[in-house]
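What follows draws every value from the coordinates through simple rules; no lab data is involved. The structure presented is a predicted model; accordingly, all values stated were derived computationally and were not measured. For neighbour counting, all protein chains shown are included, and Cβ atoms are generated from backbone atoms with ideal geometry for every residue, glycine included.
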Amino acid sequence: MSLRTTIAAVAAVVSLALPVAASAAEMKVAYVDLQRVLLEVDDGKAAKARLQKWLDDRQKEIDKEQEALRKEKETLDKQASAMSPDTKAQKEGELQRKVMVLAQKWEKSRAEAATKERQEMEPIINKIDQVVASIAERDDLAFVLERRDSGIVFARSQHDISNEVIRAYNAQKKPAAAAKDAPTKK
């Protein structure tokens with residue numbers, strides 16, 4: 001390839017890239033911290049409180065069972081010297097099975113908690129996505145990136161729409177609640 005054709009090819013590529021670069025410079029981009037939004041919207045706070053209460057209740061049950069097993073172990077240790085080796089082995093086996101059942105119950109509770117959290121948060125996340133989309137449409141944003149998952153290392157806070165998303169999300173419920181609480185005309 002001659003120098004002339006190389007220069008012509010580069011000029012053609014540059015002339016095609018300039019409009020794309022110019023339009024990219026005009027694109028508006030924003031970002032949102034979805035985790036923060038999820039924790040700060042009213043529905044998210046209520047869902048987290050419900051989940052925490054559920055988790056606390058499960059933990060109390062497990063703690064109570066664990067304490068009962070601890071007492072049973074202490075009793076077994078005190079009485080072990082008076083037991084026959086077969087009886088002692090049988091009691092230790094029973095205690096070990098109870099410990100395994102409790103461990104399985106704890107694992108099951110963790111899995112249930114993850115499922116419950118997904119069920120609680122999914123509708124809220126869907127509503128947040130709708131709010132973000134409406135803000136993007138209104139402000140003519142080409143992209144709205146998620147702060148944590150997008151790989152953003154630095155972004156100016158002026159491009160963060162998290163607070164606006166929280167306000168808009170919470171405002172969606174306010175008119176319906178106000179209409180519900182308003183006196184009806186008879």
For every other residue with a beta carbon closer than 14 angstrom to the beta carbon of N126, add +1 if it is Lys or Arg and -1 if Asp or Glu, then tell me the sum.
-> -2
Length gained when the stretch E67-R110 is fully extended (0.36 nm per residue, less Cα-Cα span) = 13.5 nm
Summing +1 per Lys or Arg and -1 per Asp or Glu among the other residues with Cβ less than 14 Å from K91's Cβ gives 0
Classify the range 25-181 as rounded, prolate or oblate from the Cα gyration tensor: take a ≥ b ≥ c as the square roots of its eigenvalues, call it rounded if a/c is under 1.5, otherwise prolate when a/b beats b/c and oblate if not.
-> prolate
Tell me which residues come under 5 Å, amide H to amide H, from Y31 once H is placed; ignore anything under 5 positions away on its chain.
-> L145, D160, I161
Footprinting proxy, I161, I125: sorted fewest to most Cβ within 10 Å, the residues are I125, I161
Relative contact order computed over the range 25-181 (Cα-Cα under 8 Å; 6+ residues apart), in percent = 54 percent
Roughly speaking, what is the centre-to-centre gap between the range 148-168 and the range 54-118 when only Cα atoms are used, to the nearest Å?
-> 46 Å
Taking the Cβ-Cβ separation of R118 and N163 as r and a Förster radius of 35 Å, what is the calculated FRET efficiency to the nearest 0.05?
-> 0.85
